[in-house]
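Beneath this line is the structure, given in structure tokens, with notes to follow.
The values are calculated or read from the model by the stated rules, or taken from the named source; none is laboratory data. Please read these numbers as outputs of a predicted model, since none were measured by experiment. With ideal geometry, Cβ positions are generated from the backbone for all residues, glycine too; neighbour counts draw on all protein chains shown.
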Amino acid sequence: MTATTMTPADRADHLGIHQPRLPKWGPAVIAAGSAAVAIAIGLVAGLQSKIQWGLIAAILFVIGQYVIASRVEGRRQAKDRLATALVWVAFLLAVVPLASLIYETIARGIKVLNGYFLTHSMNGVVTIQPGGGVYHALLGTIEQVAIATLIAAPIGLLTAIYLVEYGKGKLAKAVTFFVDVMTGIPSIVAGLFILSVWIMMLGFGYSGFAGSLALAILMMPTVVRSTEEMLKLVPNELREASYALGVPKWKTILKVVLPTSIGGITTGVMLSIARITGETAPLLLLVFGNPMINNNPFEGAQASLPLYIYEQWANGNEASYDRAWAAALVLIAFVMILNLVARGIARWKSPKTGR
Amino acid sequence: MAKRIDINGLNAYYGDFKAIEDISMSVEPKSVTAFIGPSGCGKSTFLRTLNRMHEVASGGRVEGEVLLDGENLYGPGVDPVAVRRVVGMVFQRPNPFPTMSIYDNVAAGLKLNGGVKKSDLDGVVEESLKGANLWNEVKDRLNKPGSGLSGGQQQRLCIARAIAVQPQVLLMDEPCSALDPISTLAIEDLMAKLKDQFTIVIVTHNMQQAARVSDRTAFFNLAGVGQPGRLIEVDDTQKIFSNPAVQATEDYISGRFG
């Protein structure tokens, strides 16, 4: 080869820095190919489940791309592609069930979900007939979760503040340990605890409030944990800056530390609210369920959305199934709205960096 | 209103570790005193004992006395919070409060301590920002967040915040180490102006800076690794940089050591 015909790429090749690469559309083609092969295998072998088809396609894609890439591009690139492929497959494995769950709930729930459903109770509705609504359950859930939050959020917040700002030595270690233990309490155990203390020992009846107590037990440790992490993120320099101005410690916490971390704290509290909103087991024991509207969370059996779904499903007929799905949709929407509100608050309150 | 500080036999500890040992010296009022010395020799620790910030760190404790115009800061019945209102501090890295606007940052000390009328605040904020040579740059955006300023502006904002509470003494812990030469110059000019009003103590690693801004210089050093830091000598800056009494000081200043 003479100097005149040498292209820039040829010249660079003397350094050994040019490696053959798969074309940009390579992975897409391999993905399509593995999907096609997977479908073929599925049809030939007579596999019924689409999930099996998908898994075969995923495995073929990961292996196929690794083999092709190691042939064409060399081992290092092949490993890179293998890791990328595994990340994508893991992502799909996580997202597909979520998307299908939401699709399924919306598709089945939307059928009976309307203004009537949201504003009427099940009072006097024969379960095998369509009609009735979720109003009493939604009301019960809102009241119970609100009371649980009013109990758990302040205690959790103050505990976290104690642990981060004041706690030293044995007491702080003991508190941290018990918070960890509380995190692991199964919800039914929390329910049984309140049942034995509140209802059996102290002699109170079933009520939304009893359910709230159990929910508060479940909520408290998550509030403590998330708030603790958020408070730890506040740089120590800010506390010192405040002390150096002669601001007392409690005021520093109230006016500097908490405002700096309020976005994250709110998100944490909202997430723990979302978590307890879906709890069923303790409510089964303590709130009991009620087809009628009971405005008073402190007296008498109430309903709640998870309980309602459980009851409707247990009825075992078409009309009840529809109501259960619609209630599930309402529950998901309720939690979703809470999360969006939390996001909004977090964004609104978090430290701003604009000029 | 600027006060004189006399330190007698001061030891400071972190838990069991003795960080500085037996320091006795005086800081003259209405002047700039610079602390120089190698890293880890206890300059910053010593500075923090002067407004009782040392004990904020876990395990921090102090022996000896710090007299502010004759009153011992470590005497019985002294409230560290009240001490910090008299002896203000500016830190190495600018640390404006991220949730507050420029105005609120400057007003923070007064607002959080209470007792100041809203109508008086505007005047104090303007005076403090003018005092920190920042007013012209921020007067049109007082309600924007303080974290949106440049590093040098943020540091001057922190100085404005510190002088807004009208302290007697201003401690500065390497206030220019995170700043470029132009911002450094702005802060050095500011120090020359502020010393008419305050007693200023500055920790610095930059010996030219110590020579430029300070009236008196104290040199600190360690006897060895794991040993507490000690005060080697303190004298007029001119004397320290031209004809120091101790050989170690000369070695350090001329760069032969540390």
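Consider segment A:284-295. How many of its residues are under 14 Å from residue A:138 (Cα atoms) and in contact (Cβ under 8 Å) with a residue 60 or more places away in the chain? Before the answer, list the steps.
Of all residues in segment A:284-295, those under 14 Å from residue A:138 (Cα atoms) come to A:287, A:289-295.
From what's left, in contact (Cβ under 8 Å) with a residue 60 or more places away in the chain: A:287, A:290-295.
Residues in segment A:284-295 being under 14 Å from residue A:138 (Cα atoms) and in contact (Cβ under 8 Å) with a residue 60 or more places away in the chain: 7 in total.
Conditions tested, residue by residue: (1) within 14 Å of chain A (Cβ to nearest Cβ); (2) modelled with pLDDT under 90; (3) within 21 Å of residue B:85 (Cα to Cα).
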{"residue": "B:119", "(1), (2), (3)": "no, yes, no"}
{"residue": "B:126", "(1), (2), (3)": "no, no, yes"}
{"residue": "B:129", "(1), (2), (3)": "no, no, yes"}
{"residue": "B:133", "(1), (2), (3)": "no, yes, no"}
{"residue": "B:162", "(1), (2), (3)": "yes, no, yes"}
{"residue": "B:169", "(1), (2), (3)": "yes, no, yes"}
{"residue": "B:180", "(1), (2), (3)": "no, yes, no"}
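Show me the strands (runs of 3 or more DSSP E) found entirely inside segment B:1-70 where at least 2 residues are farther than 18 Å from residue B:232 by Cβ and among the β-branched types (Val, Ile, Thr). It would help to see each step written out before you state the result.
Details: elements: B:5-14, B:17-27, B:32-36, B:60-68.
Correct list: B:60-68.
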**OP:** Please give the number of the condition residue A:137 fails out of (1) small (Gly, Ala, Ser); (2) surrounded by 19 or more Cβ atoms within 10 Å (Cβ to Cβ); (3) farther than 29 Å from residue A:121 by Cβ.
**Re:** (3)
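Say whether the condition of being part of a helix (DSSP H, G or I), more than 14 Å from chain B (Cβ to nearest Cβ) and in contact with a Leu (Cβ under 9 Å, 6 or more places away or on another chain) is met by at least one residue in segment A:252-260. Walk me through how you get there before you give the answer.
Of segment A:252-260, the ones part of a helix (DSSP H, G or I) are A:252-260.
Retained after the next criterion (residues that are more than 14 Å from chain B (Cβ to nearest Cβ)): none.
No, because not a single residue in segment A:252-260 is part of a helix (DSSP H, G or I), more than 14 Å from chain B (Cβ to nearest Cβ) and in contact with a Leu (Cβ under 9 Å, 6 or more places away or on another chain).
Quick grid of which residues meet (1) surrounded by fewer than 16 Cβ atoms within 10 Å (Cβ to Cβ); (2) polar (S, T, N, Q):
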site: A:66; (1), (2): no, no
site: A:70; (1), (2): no, yes
site: A:74; (1), (2): yes, no
site: A:85; (1), (2): no, no
site: A:89; (1), (2): no, no
site: A:93; (1), (2): yes, no
site: A:96; (1), (2): yes, no
Subject >> Residue within segment A:313-324 that is at positive phi, modelled with pLDDT under 90 and not in a loop (DSSP other than H, G, I, E, B) present >> reply: no
Subject >> Any chance residue A:249 is surrounded by fewer than 21 Cβ atoms within 10 Å (Cβ to Cβ), over 33 Å from the mean Cα position of the chain (by Cα) and not hydrophobic (A, V, I, L, M, F, W, C) >> reply: yes
Subject >> Failed condition for residue B:113, given (1) modelled with pLDDT under 90; (2) crowded, with 19+ Cβ neighbours inside 10 Å >> reply: (2)
Original post:
Among the listed residues B:93, B:84, B:48, B:61, which satisfies the condition of being within 11 Å of chain A (Cβ to nearest Cβ) and surrounded by fewer than 23 Cβ atoms within 10 Å (Cβ to Cβ)?
Top reply: B:93
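When residues of segment B:15-45 are filtered for being charged (D, E, K, R), in contact with a Ser or Thr (Cβ under 9 Å, 6 or more places away or on another chain) and buried (at least 17 other Cβ atoms within 10 Å of the Cβ), how many remain? Write out each step before concluding.
Taking segment B:15-45 and keeping what is charged (D, E, K, R), we get B:16, B:18, B:21-22, B:28, B:30, B:43.
Filter once more, so that each one left must be in contact with a Ser or Thr (Cβ under 9 Å, 6 or more places away or on another chain): B:28, B:30, B:43.
Cutting the leftovers down to buried (at least 17 other Cβ atoms within 10 Å of the Cβ) gives us B:43.
The qualifying residues number 1.
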**OP:** Just name the residue that is surrounded by the fewest Cβ atoms within 10 Å (Cβ to Cβ) out of those in segment B:243-258 that are among the polar types (S, T, N, Q) and more than 18 Å from residue B:206 (Cβ to Cβ).
**Re:** B:243
**OP:** Kindly indicate whether any position in segment A:224-245 is more than 14 Å from every other protein chain (Cβ to nearest Cβ) and within 30 Å of residue A:294 (Cβ to Cβ).
**Re:** no
**OP:** Kindly indicate the residue of segment A:298-317 that is in contact (Cβ under 8 Å) with a residue 40 or more places away in the chain and farther than 18 Å from residue A:123 by Cβ and also surrounded by the fewest Cβ atoms within 10 Å (Cβ to Cβ) among those meeting that condition.
**Re:** A:317
**OP:** Please find, within segment B:1-14, the residue that is surrounded by the fewest Cβ atoms within 10 Å (Cβ to Cβ) out of those that are among the small types (Gly, Ala, Ser) and at pLDDT 90 or above.
**Re:** B:9
